[in-house]
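See structure below.
The values are calculated or read from the model by the stated rules, or taken from the named source; none is laboratory data. What you see is a predicted model; the values in this text were computed from it and never measured. No Cβ is skipped: glycine too gets one built from the backbone with ideal geometry, and neighbour counts run over all protein chains shown. Each accessible area value is taken on the protein alone, full model and side chains, heavy atoms only, with ligands, DNA and RNA left out. Shrake-Rupley method; radii C 1.70, N 1.55, O 1.52, S 1.80 Å.
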Amino acid sequence: MRKTTALRRLVSRPALDFLLEAHNGLSAKIVEEAGFPGIWASGLTMSATFAVRDNNELSWTQVVEQAGFMADAVRIPVLLDGDTGYGNFNNVRRLVRKLEQVGVAGVTLEDKLFPKTNSFLRDRQPLADLDEFCGKLKAAKDSQQDPDFVVVARVEALIAGWGLDEALRRAEAYHLAGADAILIHSRRPSASEVFRFLERWGGRAPVVLVPTRYWRTPTEDFRARGVSVVIWANHLLRSAISAMQATAARIAADESLAQVEPNVAPLHEVFRLQGDDELQEAERRYLPARAPLGAIVLAAGAGGGFGGLTDDVPKAMLKVRGRPILARLLDDLAHFGCSEAAVVRGYRAEAIDLPNARYVDNPDFADTGEAWSLALAAGDLRPGTLVAFGDIVLKRAIVQALLEEAGDGLTLAVDSALAALDLPDRVRSDRPDTGRFSFDPAFLQAIGEAVRPEASHGVWIGLLHAGRDGAGWLREALDALRAEGTLRAARLSDVLTRVLAAGRPVRVVYHRGGWVNVNQLADLLDASGI
Ligand code: SPV
Ligand code: MG
(Lines give C-alpha, C1' and ligand atoms only; values in the text may rest on other atoms or scores of the structure.)
(Ligands and ions follow the chains in the order given, each with its own letter.)
Protein backbone atom coordinates (compact mmCIF):
# COMPACT_ATOMS: atom_id res chain seq x y z
CA MET A 1 0.00 0.00 0.00
CA ARG A 2 1.22 3.50 -0.77
CA LYS A 3 2.09 5.57 2.29
CA THR A 4 -0.41 8.22 1.22
CA THR A 5 -3.16 5.59 1.09
CA ALA A 6 -2.14 4.28 4.50
CA LEU A 7 -2.31 7.79 5.99
CA ARG A 8 -5.63 8.53 4.32
CA ARG A 9 -7.09 5.33 5.74
CA LEU A 10 -5.94 5.97 9.26
CA VAL A 11 -7.21 9.54 9.16
CA SER A 12 -10.59 8.68 7.67
CA ARG A 13 -11.54 5.40 9.30
CA PRO A 14 -13.73 5.68 12.40
CA ALA A 15 -11.32 3.87 14.75
CA LEU A 16 -8.89 5.95 16.78
CA ASP A 17 -5.26 5.85 15.59
CA PHE A 18 -2.10 7.34 17.06
CA LEU A 19 0.83 9.18 15.51
CA LEU A 20 4.02 9.59 17.52
CA GLU A 21 6.42 12.43 16.99
CA ALA A 22 9.77 11.98 15.27
CA HIS A 23 12.35 14.55 14.33
CA ASN A 24 14.84 12.66 12.17
CA GLY A 25 15.38 9.33 10.46
CA LEU A 26 16.49 7.56 13.62
CA SER A 27 13.52 8.61 15.75
CA ALA A 28 11.21 7.82 12.82
CA LYS A 29 12.56 4.29 12.80
CA ILE A 30 12.04 3.99 16.54
CA VAL A 31 8.41 5.09 16.12
CA GLU A 32 7.87 2.48 13.43
CA GLU A 33 9.49 -0.30 15.46
CA ALA A 34 7.27 0.55 18.44
CA GLY A 35 4.30 -0.35 16.23
CA PHE A 36 2.80 3.06 15.44
CA PRO A 37 0.93 3.25 12.14
CA GLY A 38 2.30 6.72 11.31
CA ILE A 39 4.66 9.53 12.25
CA TRP A 40 4.15 13.16 13.21
CA ALA A 41 7.10 15.13 11.82
CA SER A 42 6.89 17.91 14.38
CA GLY A 43 8.01 21.44 13.56
CA LEU A 44 8.80 22.06 17.21
CA THR A 45 11.02 19.03 17.65
CA MET A 46 12.75 19.22 14.27
CA SER A 47 13.65 22.84 15.10
CA ALA A 48 14.77 21.86 18.58
CA THR A 49 17.15 19.19 17.31
CA PHE A 50 18.97 21.98 15.47
CA ALA A 51 18.74 24.17 18.60
CA VAL A 52 16.73 26.74 16.71
CA ARG A 53 13.31 28.07 17.60
CA ASP A 54 9.91 26.94 16.37
CA ASN A 55 9.54 30.26 14.55
CA ASN A 56 10.35 29.09 11.03
CA GLU A 57 14.03 29.52 11.72
CA LEU A 58 14.55 26.32 9.75
CA SER A 59 14.01 27.04 6.07
CA TRP A 60 11.25 25.10 4.35
CA THR A 61 13.81 23.21 2.27
CA GLN A 62 15.61 22.14 5.45
CA VAL A 63 12.31 20.88 6.82
CA VAL A 64 11.55 19.00 3.60
CA GLU A 65 15.01 17.45 3.61
CA GLN A 66 14.63 16.30 7.21
CA ALA A 67 11.16 14.91 6.53
CA GLY A 68 12.60 13.11 3.50
CA PHE A 69 15.14 11.33 5.70
CA MET A 70 12.29 10.24 7.96
CA ALA A 71 10.24 8.96 5.04
CA ASP A 72 13.27 7.09 3.72
CA ALA A 73 13.85 5.40 7.06
CA VAL A 74 10.40 3.85 7.44
CA ARG A 75 7.54 2.12 5.65
CA ILE A 76 4.79 3.88 7.65
CA PRO A 77 3.46 7.28 6.51
CA VAL A 78 4.85 10.61 7.69
CA LEU A 79 2.49 13.53 8.31
CA LEU A 80 4.53 16.72 8.19
CA ASP A 81 3.79 19.65 10.45
CA GLY A 82 3.90 22.22 7.62
CA ASP A 83 3.30 25.24 9.90
CA THR A 84 1.65 28.00 7.85
CA GLY A 85 2.98 26.63 4.56
CA TYR A 86 6.05 28.90 4.62
CA GLY A 87 4.43 31.74 2.70
CA ASN A 88 1.29 32.19 0.64
CA PHE A 89 -0.70 29.78 -1.57
CA ASN A 90 2.12 29.69 -4.09
CA ASN A 91 4.67 28.52 -1.51
CA VAL A 92 2.19 25.88 -0.41
CA ARG A 93 1.93 24.57 -3.97
CA ARG A 94 5.67 24.06 -4.16
CA LEU A 95 5.72 22.57 -0.69
CA VAL A 96 3.15 19.92 -1.55
CA ARG A 97 4.95 18.97 -4.76
CA LYS A 98 8.27 18.64 -2.96
CA LEU A 99 6.76 16.64 -0.10
CA GLU A 100 5.32 14.16 -2.57
CA GLN A 101 8.73 13.87 -4.21
CA VAL A 102 10.45 12.97 -0.94
CA GLY A 103 7.79 10.45 0.04
CA VAL A 104 5.95 12.40 2.76
CA ALA A 105 2.32 11.25 2.87
CA GLY A 106 0.57 14.37 4.09
CA VAL A 107 0.88 17.87 5.52
CA THR A 108 -0.80 19.89 8.24
CA LEU A 109 -1.27 23.59 7.57
CA GLU A 110 -2.16 25.96 10.42
CA ASP A 111 -4.11 29.20 10.15
CA LYS A 112 -1.51 31.51 11.67
CA LEU A 113 0.87 34.05 10.10
CA PHE A 114 4.39 33.43 8.80
CA PRO A 115 6.74 33.33 10.64
CA LYS A 116 4.69 31.31 13.11
CA THR A 117 5.19 31.00 16.86
CA ASN A 118 4.70 27.74 18.75
CA SER A 119 1.13 27.39 19.99
CA PHE A 120 2.23 27.15 23.62
CA LEU A 121 4.10 30.45 23.58
CA ARG A 122 2.71 34.02 23.83
CA ASP A 123 -0.94 34.94 24.08
CA ARG A 124 -3.38 36.04 21.40
CA GLN A 125 -1.34 35.00 18.42
CA PRO A 126 -2.64 36.59 15.20
CA LEU A 127 -4.64 34.30 12.94
CA ALA A 128 -4.62 34.13 9.15
CA ASP A 129 -7.43 35.72 7.19
CA LEU A 130 -9.99 32.99 6.72
CA ASP A 131 -10.39 33.38 2.96
CA GLU A 132 -6.68 33.63 2.38
CA PHE A 133 -6.14 30.42 4.35
CA CYS A 134 -8.92 28.65 2.44
CA GLY A 135 -7.06 29.61 -0.75
CA LYS A 136 -3.94 27.93 0.62
CA LEU A 137 -5.85 24.75 1.36
CA LYS A 138 -7.36 24.72 -2.15
CA ALA A 139 -3.90 25.31 -3.63
CA ALA A 140 -2.53 22.39 -1.62
CA LYS A 141 -5.29 20.05 -2.77
CA ASP A 142 -4.96 21.18 -6.38
CA SER A 143 -1.19 20.61 -6.33
CA GLN A 144 -1.09 17.05 -5.09
CA GLN A 145 -0.39 14.49 -7.79
CA ASP A 146 -1.23 11.51 -5.61
CA PRO A 147 -5.00 11.50 -4.91
CA ASP A 148 -4.38 10.05 -1.44
CA PHE A 149 -1.94 12.73 -0.25
CA VAL A 150 -3.52 14.10 2.95
CA VAL A 151 -4.01 17.78 3.79
CA VAL A 152 -4.98 18.49 7.39
CA ALA A 153 -6.25 21.98 8.28
CA ARG A 154 -5.24 23.07 11.76
CA VAL A 155 -7.52 25.48 13.54
CA GLU A 156 -5.71 27.77 15.99
CA ALA A 157 -8.76 29.80 17.05
CA LEU A 158 -8.87 28.27 20.53
CA ILE A 159 -5.11 28.77 20.96
CA ALA A 160 -5.49 32.44 19.95
CA GLY A 161 -8.36 32.94 22.38
CA TRP A 162 -11.11 33.49 19.80
CA GLY A 163 -13.52 30.96 21.23
CA LEU A 164 -15.53 28.03 20.04
CA ASP A 165 -17.79 29.78 17.52
CA GLU A 166 -14.81 31.10 15.58
CA ALA A 167 -13.14 27.68 15.75
CA LEU A 168 -16.23 26.04 14.29
CA ARG A 169 -16.68 28.74 11.64
CA ARG A 170 -13.10 28.20 10.51
CA ALA A 171 -13.26 24.41 10.67
CA GLU A 172 -16.33 24.44 8.45
CA ALA A 173 -14.70 26.80 5.94
CA TYR A 174 -11.55 24.67 5.78
CA HIS A 175 -13.63 21.53 5.35
CA LEU A 176 -15.45 23.12 2.43
CA ALA A 177 -12.11 24.28 0.98
CA GLY A 178 -11.11 20.62 0.67
CA ALA A 179 -9.18 19.76 3.84
CA ASP A 180 -9.19 16.02 4.50
CA ALA A 181 -9.30 16.46 8.28
CA ILE A 182 -9.47 19.18 10.93
CA LEU A 183 -6.85 19.46 13.66
CA ILE A 184 -8.40 21.39 16.52
CA HIS A 185 -5.65 22.58 18.81
CA SER A 186 -5.94 23.71 22.44
CA ARG A 187 -3.51 24.77 25.13
CA ARG A 188 -5.83 24.17 28.07
CA PRO A 189 -4.88 21.55 30.68
CA SER A 190 -8.32 19.97 30.24
CA ALA A 191 -9.93 18.61 27.10
CA SER A 192 -13.27 20.24 27.82
CA GLU A 193 -13.12 22.93 25.08
CA VAL A 194 -11.95 20.38 22.56
CA PHE A 195 -14.76 18.07 23.57
CA ARG A 196 -17.31 20.91 23.19
CA PHE A 197 -15.91 21.47 19.70
CA LEU A 198 -16.30 17.77 18.89
CA GLU A 199 -19.90 17.79 20.08
CA ARG A 200 -20.87 20.69 17.85
CA TRP A 201 -18.71 19.52 14.95
CA GLY A 202 -20.75 16.37 14.74
CA GLY A 203 -18.32 14.35 12.68
CA ARG A 204 -18.51 16.51 9.54
CA ALA A 205 -14.91 15.59 8.81
CA PRO A 206 -12.29 13.54 10.66
CA VAL A 207 -10.78 15.30 13.68
CA VAL A 208 -7.16 15.18 14.85
CA LEU A 209 -6.13 16.12 18.40
CA VAL A 210 -2.79 17.00 20.02
CA PRO A 211 -3.25 16.44 23.78
CA THR A 212 0.14 17.81 24.81
CA ARG A 213 -1.42 20.04 27.50
CA TYR A 214 -4.47 17.93 28.35
CA TRP A 215 -2.39 14.78 28.62
CA ARG A 216 -4.28 13.55 31.68
CA THR A 217 -7.38 12.89 29.59
CA PRO A 218 -8.01 9.15 29.37
CA THR A 219 -7.59 7.85 25.85
CA GLU A 220 -10.99 6.21 26.11
CA ASP A 221 -12.54 9.69 26.21
CA PHE A 222 -11.07 10.45 22.77
CA ARG A 223 -12.24 7.12 21.42
CA ALA A 224 -15.75 7.58 22.79
CA ARG A 225 -16.04 10.91 20.96
CA GLY A 226 -15.04 9.55 17.56
CA VAL A 227 -11.65 11.26 17.36
CA SER A 228 -9.79 9.94 14.30
CA VAL A 229 -6.18 10.58 15.21
CA VAL A 230 -4.35 11.53 18.38
CA ILE A 231 -0.84 12.94 17.95
CA TRP A 232 1.67 12.44 20.76
CA ALA A 233 3.55 15.47 19.55
CA ASN A 234 6.96 15.78 21.18
CA HIS A 235 7.69 12.92 23.55
CA LEU A 236 10.60 11.24 21.81
CA LEU A 237 12.54 14.47 21.68
CA ARG A 238 11.78 15.23 25.30
CA SER A 239 12.80 11.76 26.43
CA ALA A 240 16.02 12.09 24.41
CA ILE A 241 16.76 15.44 26.07
CA SER A 242 16.34 13.95 29.57
CA ALA A 243 18.50 10.93 28.69
CA MET A 244 21.24 13.02 27.07
CA GLN A 245 21.36 15.46 29.97
CA ALA A 246 21.66 12.63 32.50
CA THR A 247 24.38 10.88 30.47
CA ALA A 248 26.38 14.06 29.90
CA ALA A 249 26.22 14.96 33.61
CA ARG A 250 27.28 11.46 34.66
CA ILE A 251 30.29 11.38 32.33
CA ALA A 252 31.33 14.88 33.35
CA ALA A 253 31.10 14.06 37.07
CA ASP A 254 32.77 10.64 36.87
CA GLU A 255 35.40 11.38 34.22
CA SER A 256 34.66 7.81 33.23
CA LEU A 257 32.21 5.79 31.17
CA ALA A 258 31.88 3.04 33.78
CA GLN A 259 28.42 4.05 35.08
CA VAL A 260 27.12 5.03 31.68
CA GLU A 261 28.17 2.24 29.39
CA PRO A 262 25.82 -0.48 30.75
CA ASN A 263 22.86 1.90 30.55
CA VAL A 264 23.10 3.24 27.01
CA ALA A 265 22.13 1.53 23.77
CA PRO A 266 24.98 -0.74 22.70
CA LEU A 267 26.83 0.20 19.54
CA HIS A 268 25.47 -2.80 17.70
CA GLU A 269 21.99 -1.37 18.26
CA VAL A 270 23.12 1.83 16.56
CA PHE A 271 24.41 -0.17 13.59
CA ARG A 272 21.18 -2.16 13.46
CA LEU A 273 19.04 0.98 13.38
CA GLN A 274 21.23 2.34 10.59
CA GLY A 275 20.55 -0.82 8.59
CA ASP A 276 24.12 -2.05 8.41
CA ASP A 277 22.87 -5.61 7.74
CA GLU A 278 21.33 -4.47 4.49
CA LEU A 279 24.59 -2.84 3.41
CA GLN A 280 26.55 -6.01 4.13
CA GLU A 281 24.06 -7.98 2.07
CA ALA A 282 24.29 -5.48 -0.77
CA GLU A 283 28.09 -5.57 -0.67
CA ARG A 284 27.95 -9.31 -1.21
CA ARG A 285 25.62 -8.76 -4.17
CA TYR A 286 27.27 -5.80 -5.85
CA LEU A 287 30.97 -5.63 -4.98
CA PRO A 288 33.31 -7.73 -7.09
CA ALA A 289 34.29 -10.80 -5.09
CA ARG A 290 37.96 -9.97 -4.99
CA ALA A 291 40.09 -11.81 -2.45
CA PRO A 292 41.98 -9.42 -0.19
CA LEU A 293 45.62 -8.95 -1.10
CA GLY A 294 48.04 -11.02 0.96
CA ALA A 295 51.83 -10.86 1.04
CA ILE A 296 54.81 -12.97 2.00
CA VAL A 297 58.04 -11.10 2.54
CA LEU A 298 61.29 -13.07 2.62
CA ALA A 299 63.57 -11.30 5.08
CA ALA A 300 65.62 -14.13 6.59
CA GLY A 301 68.97 -13.28 5.02
CA ALA A 302 71.87 -11.82 7.03
CA GLY A 303 73.39 -9.66 4.36
CA GLY A 304 77.11 -9.11 4.29
CA GLY A 305 78.81 -6.18 2.67
CA PHE A 306 77.50 -3.51 4.99
CA GLY A 307 80.46 -3.18 7.31
CA GLY A 308 79.22 -3.36 10.91
CA LEU A 309 75.74 -2.14 9.98
CA THR A 310 74.28 -5.62 9.98
CA ASP A 311 75.96 -6.86 13.16
CA ASP A 312 72.78 -6.43 15.18
CA VAL A 313 70.03 -6.17 12.56
CA PRO A 314 69.28 -7.98 9.32
CA LYS A 315 69.65 -5.91 6.19
CA ALA A 316 65.86 -5.64 5.83
CA MET A 317 66.02 -3.40 8.91
CA LEU A 318 68.69 -1.07 7.53
CA LYS A 319 67.31 2.40 7.16
CA VAL A 320 66.74 4.27 3.94
CA ARG A 321 66.02 7.92 4.62
CA GLY A 322 65.44 7.13 8.29
CA ARG A 323 63.02 4.24 7.79
CA PRO A 324 63.81 0.50 7.69
CA ILE A 325 63.67 -1.06 4.23
CA LEU A 326 61.12 -3.60 5.45
CA ALA A 327 58.90 -0.95 7.06
CA ARG A 328 58.83 0.89 3.73
CA LEU A 329 57.89 -2.27 1.93
CA LEU A 330 55.10 -3.05 4.40
CA ASP A 331 53.77 0.49 3.94
CA ASP A 332 53.80 -0.03 0.19
CA LEU A 333 51.91 -3.31 0.56
CA ALA A 334 49.38 -1.74 2.92
CA HIS A 335 48.86 1.00 0.38
CA PHE A 336 47.59 -1.66 -2.01
CA GLY A 337 45.25 -3.23 0.53
CA CYS A 338 47.46 -5.78 2.23
CA SER A 339 46.79 -5.10 5.90
CA GLU A 340 49.04 -7.83 7.29
CA ALA A 341 51.99 -9.50 5.59
CA ALA A 342 53.66 -12.75 6.61
CA VAL A 343 57.33 -11.93 7.11
CA VAL A 344 59.89 -14.74 7.21
CA ARG A 345 62.66 -13.81 9.64
CA GLY A 346 65.95 -15.54 10.18
CA TYR A 347 69.15 -13.63 10.92
CA ARG A 348 68.62 -11.43 14.01
CA ALA A 349 64.93 -12.33 13.99
CA GLU A 350 64.37 -10.45 17.23
CA ALA A 351 65.37 -7.19 15.56
CA ILE A 352 62.34 -7.32 13.26
CA ASP A 353 59.24 -6.30 15.20
CA LEU A 354 57.29 -4.02 12.90
CA PRO A 355 53.51 -3.69 13.11
CA ASN A 356 51.23 -4.88 10.29
CA ALA A 357 53.11 -8.18 10.02
CA ARG A 358 52.89 -11.74 11.25
CA TYR A 359 56.17 -13.52 11.67
CA VAL A 360 57.35 -16.92 10.53
CA ASP A 361 60.86 -17.83 11.65
CA ASN A 362 63.49 -19.69 9.64
CA PRO A 363 66.09 -20.75 12.21
CA ASP A 364 68.11 -22.44 9.44
CA PHE A 365 68.56 -19.20 7.52
CA ALA A 366 72.34 -19.61 7.42
CA ASP A 367 72.25 -22.72 5.27
CA THR A 368 68.91 -22.48 3.48
CA GLY A 369 67.72 -20.32 0.61
CA GLU A 370 64.71 -18.26 -0.44
CA ALA A 371 62.66 -21.31 -1.45
CA TRP A 372 63.01 -22.83 2.01
CA SER A 373 61.78 -19.58 3.59
CA LEU A 374 58.85 -19.45 1.18
CA ALA A 375 57.99 -23.06 2.00
CA LEU A 376 57.86 -22.16 5.71
CA ALA A 377 55.23 -19.53 4.87
CA ALA A 378 53.42 -21.70 2.31
CA GLY A 379 50.27 -21.58 4.47
CA ASP A 380 50.02 -17.92 3.48
CA LEU A 381 50.26 -18.68 -0.23
CA ARG A 382 46.64 -17.95 -1.00
CA PRO A 383 45.03 -16.63 -4.18
CA GLY A 384 46.04 -12.96 -4.44
CA THR A 385 49.39 -13.01 -2.68
CA LEU A 386 52.42 -10.85 -3.42
CA VAL A 387 55.74 -12.54 -2.73
CA ALA A 388 58.59 -10.07 -2.20
CA PHE A 389 62.20 -10.09 -1.12
CA GLY A 390 62.55 -8.15 2.11
CA ASP A 391 65.47 -6.09 0.88
CA ILE A 392 63.95 -4.25 -2.04
CA VAL A 393 63.11 -0.58 -2.13
CA LEU A 394 60.77 0.32 -4.94
CA LYS A 395 58.46 2.88 -6.36
CA ARG A 396 54.80 2.06 -5.82
CA ALA A 397 54.15 2.43 -9.53
CA ILE A 398 55.90 -0.93 -10.00
CA VAL A 399 53.50 -2.67 -7.62
CA GLN A 400 50.58 -0.86 -9.23
CA ALA A 401 51.59 -2.02 -12.71
CA LEU A 402 52.08 -5.59 -11.48
CA LEU A 403 48.65 -5.69 -9.81
CA GLU A 404 46.96 -4.20 -12.88
CA GLU A 405 48.33 -6.97 -15.07
CA ALA A 406 48.11 -9.79 -12.56
CA GLY A 407 45.71 -12.60 -13.37
CA ASP A 408 44.96 -16.04 -11.99
CA GLY A 409 48.44 -17.40 -12.63
CA LEU A 410 51.85 -16.02 -11.70
CA THR A 411 53.08 -12.58 -12.72
CA LEU A 412 56.62 -11.27 -12.26
CA ALA A 413 57.85 -7.67 -12.12
CA VAL A 414 60.87 -7.50 -14.44
CA ASP A 415 63.24 -4.57 -14.93
CA SER A 416 64.08 -4.47 -18.63
CA ALA A 417 66.64 -1.70 -18.16
CA LEU A 418 68.97 -4.27 -16.60
CA ALA A 419 68.99 -6.68 -19.54
CA ALA A 420 72.46 -7.95 -20.48
CA LEU A 421 73.88 -7.35 -17.00
CA ASP A 422 75.37 -10.25 -15.16
CA LEU A 423 72.86 -10.24 -12.29
CA PRO A 424 71.12 -13.24 -10.76
CA ASP A 425 67.44 -13.77 -11.56
CA ARG A 426 67.97 -12.94 -15.24
CA VAL A 427 64.81 -13.33 -17.24
CA ARG A 428 64.13 -14.42 -20.76
CA SER A 429 60.61 -14.03 -22.03
CA ASP A 430 58.87 -14.56 -25.37
CA ARG A 431 59.54 -10.94 -26.33
CA PRO A 432 61.71 -8.07 -25.18
CA ASP A 433 60.34 -4.86 -23.73
CA THR A 434 59.80 -2.58 -26.72
CA GLY A 435 59.07 0.37 -24.46
CA ARG A 436 55.76 0.77 -26.25
CA PHE A 437 52.38 0.15 -24.69
CA SER A 438 50.92 -3.22 -25.53
CA PHE A 439 47.88 -5.19 -24.49
CA ASP A 440 49.72 -8.41 -25.36
CA PRO A 441 51.22 -10.08 -22.32
CA ALA A 442 54.82 -11.31 -22.29
CA PHE A 443 55.46 -14.81 -20.98
CA LEU A 444 58.46 -16.11 -19.09
CA GLN A 445 60.61 -18.68 -20.91
CA ALA A 446 63.50 -19.06 -18.48
CA ILE A 447 64.84 -17.49 -15.29
CA GLY A 448 68.11 -17.60 -13.31
CA GLU A 449 71.58 -18.82 -14.19
CA ALA A 450 70.26 -20.69 -17.22
CA VAL A 451 69.66 -17.38 -19.01
CA ARG A 452 72.86 -16.03 -20.57
CA PRO A 453 73.28 -12.30 -19.82
CA GLU A 454 73.37 -11.35 -23.50
CA ALA A 455 70.17 -13.33 -24.13
CA SER A 456 68.25 -11.86 -21.17
CA HIS A 457 65.34 -9.44 -21.46
CA GLY A 458 65.72 -8.13 -17.95
CA VAL A 459 65.99 -8.99 -14.28
CA TRP A 460 63.26 -10.20 -11.93
CA ILE A 461 63.21 -7.68 -9.11
CA GLY A 462 62.07 -10.11 -6.41
CA LEU A 463 58.37 -9.27 -6.55
CA LEU A 464 55.67 -11.55 -7.93
CA HIS A 465 51.93 -11.92 -7.74
CA ALA A 466 50.32 -15.32 -7.27
CA GLY A 467 46.71 -15.50 -8.38
CA ARG A 468 44.11 -18.21 -7.80
CA ASP A 469 46.03 -20.85 -9.78
CA GLY A 470 49.50 -19.38 -9.35
CA ALA A 471 49.48 -19.89 -5.59
CA GLY A 472 48.84 -23.59 -6.15
CA TRP A 473 51.58 -23.81 -8.81
CA LEU A 474 54.12 -22.40 -6.37
CA ARG A 475 53.08 -24.89 -3.68
CA GLU A 476 53.32 -27.73 -6.20
CA ALA A 477 56.82 -26.65 -7.22
CA LEU A 478 57.94 -26.33 -3.58
CA ASP A 479 56.64 -29.84 -2.92
CA ALA A 480 58.46 -31.20 -5.97
CA LEU A 481 61.76 -29.64 -4.85
CA ARG A 482 61.24 -31.00 -1.37
CA ALA A 483 60.56 -34.45 -2.76
CA GLU A 484 63.81 -34.47 -4.73
CA GLY A 485 65.77 -33.11 -1.76
CA THR A 486 66.80 -29.78 -3.34
CA LEU A 487 64.44 -27.42 -1.49
CA ARG A 488 66.86 -26.27 1.24
CA ALA A 489 69.34 -24.69 -1.09
CA ALA A 490 66.93 -23.60 -3.83
CA ARG A 491 66.39 -20.01 -4.88
CA LEU A 492 63.01 -18.64 -5.91
CA SER A 493 64.22 -18.69 -9.51
CA ASP A 494 64.58 -22.48 -9.11
CA VAL A 495 60.98 -22.68 -7.93
CA LEU A 496 59.84 -20.63 -10.93
CA THR A 497 61.90 -22.81 -13.26
CA ARG A 498 60.06 -25.79 -11.83
CA VAL A 499 56.70 -24.04 -12.44
CA LEU A 500 57.72 -23.47 -16.09
CA ALA A 501 58.80 -27.09 -16.40
CA ALA A 502 55.31 -28.13 -15.31
CA GLY A 503 54.02 -26.24 -18.37
CA ARG A 504 52.45 -23.36 -16.43
CA PRO A 505 52.33 -19.95 -18.13
CA VAL A 506 54.12 -17.27 -16.09
CA ARG A 507 53.57 -13.66 -17.11
CA VAL A 508 56.17 -10.91 -17.14
CA VAL A 509 55.36 -7.24 -16.54
CA TYR A 510 58.17 -4.96 -17.70
CA HIS A 511 59.19 -1.67 -16.20
CA ARG A 512 62.41 0.28 -16.26
CA GLY A 513 64.27 1.20 -13.07
CA GLY A 514 62.60 2.61 -9.99
CA TRP A 515 63.85 -0.05 -7.54
CA VAL A 516 66.95 -1.21 -5.70
CA ASN A 517 67.78 -4.58 -4.26
CA VAL A 518 69.91 -3.56 -1.31
CA ASN A 519 72.93 -5.87 -1.30
CA GLN A 520 75.74 -3.54 -0.35
CA LEU A 521 76.43 -0.09 1.07
CA ALA A 522 76.30 1.57 -2.33
CA ASP A 523 72.78 0.20 -2.82
CA LEU A 524 71.69 1.91 0.38
CA LEU A 525 72.80 5.21 -1.09
CA ASP A 526 71.05 4.41 -4.38
CA ALA A 527 67.89 3.54 -2.51
CA SER A 528 67.84 6.95 -0.88
CA GLY A 529 67.19 8.39 -4.32
CA ILE A 530 64.11 6.17 -4.99
C1 SPV B 1 4.56 20.62 16.76
O2 SPV B 1 4.77 19.51 17.27
O3 SPV B 1 5.43 21.28 16.22
C4 SPV B 1 3.21 21.16 16.78
C5 SPV B 1 2.36 20.84 17.89
O6 SPV B 1 2.90 21.92 15.93
S7 SPV B 1 2.51 22.08 19.02
O8 SPV B 1 3.86 22.12 19.49
O9 SPV B 1 1.57 21.73 20.04
O10 SPV B 1 2.14 23.33 18.40
MG1 MG C 1 4.42 22.79 15.00
By residue number, the members of the range 443-459 that are crowded, with 21+ Cβ neighbours inside 10 Å and within 29 Å of P292 (Cα to Cα) are L444, I447, V459
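Among the residues of the range 15-31, count how many are part of a strand (DSSP E or B) and within 16 Å of ligand 2 (Cβ to nearest atom).
The qualifying residues number 4.
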Checking A51, A41 in turn, the sole residue that is within 16 Å of ligand 2 (Cβ to nearest atom) and closer than 23 Å to K116 by Cβ turns out to be A41
How many residues of the range 116-132 are part of a loop (DSSP other than H, G, I, E, B) and more than 12 Å from ligand 2 (Cβ to nearest atom)? The answer is 7
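In the range 13-51, how many residues are among the β-branched types (V, I, T) and near ligand 1 (Cβ under 9 Å from one of its atoms)?
Total meeting the criteria: 1.
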Considering residues that are in contact with a Lys or Arg (Cβ under 8 Å, 6 or more places away or on another chain), open to solvent by less than 60 Å² (accessible area, probe 1.4 Å) and in a helix (DSSP H, G or I), the number found within the range 400-437 is 1
Among D440, D494, the single one that is of a type in the set (D, E) and crowded, with 17+ Cβ neighbours inside 10 Å is D494
Among (1) within 16 Å of ligand 1 (Cβ to nearest atom); (2) among the hydrophobic types (A, V, I, L, M, F, W, C); (3) within 24 Å of A139 (Cβ to Cβ), V92 falls short only on (1)
Scanning the range 200-213 residue by residue, those touching a helix residue (DSSP H, G or I) at 6+ places or on another chain (Cβ under 7 Å), part of a loop (DSSP other than H, G, I, E, B) and not charged (D, E, K, R) turn out to be A205, P206
Matching residues in the range 460-479 (open to solvent by less than 30 Å² (accessible area, probe 1.4 Å) and either farther than 28 Å from T434 by Cβ or more than 44 Å from the chain's Cα centre (by Cα) (or both)) number 5
When the range 2-21 is checked residue by residue, the ones that are out of contact with any Phe, Trp or Tyr (no Cβ under 7 Å at 6 or more places or on another chain) and modelled with pLDDT of 95 or more are R2, K3, T5, A6, L7, R8, R9, L10, V11, S12, A15, D17
The correct count of residues that are more than 25 Å from R124 (Cβ to Cβ), open to solvent by 10 Å² or more (accessible area, probe 1.4 Å) and of a type in the set (A, V, I, L, M) in the range 178-203 is 0
Answer yes if at least one residue in the range 89-105 is open to solvent by 50 Å² or more (accessible area, probe 1.4 Å), aromatic (F, W, Y) and more than 27 Å from the chain's Cα centre (by Cα), and no otherwise. yes
Scanning the range 54-66 for residues that are under 26 Å from the mean Cα position of the chain (by Cα) and not hydroxyl-bearing (S, T, Y), the one farthest from ligand 2 (Cβ to nearest atom) turns out to be E65
When every residue in the range 53-89 that is away from ligand 1 (no atom under 16 Å from the Cβ) and among the acidic types (D, E) is compared, the one nearest to K3 (Cα to Cα) is D72
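Looking at the range 503-521, is at least one residue within 17 Å of F443 (Cβ to Cβ), small (G, A, S) and over 41 Å from the mean Cα position of the chain (by Cα)?
yes
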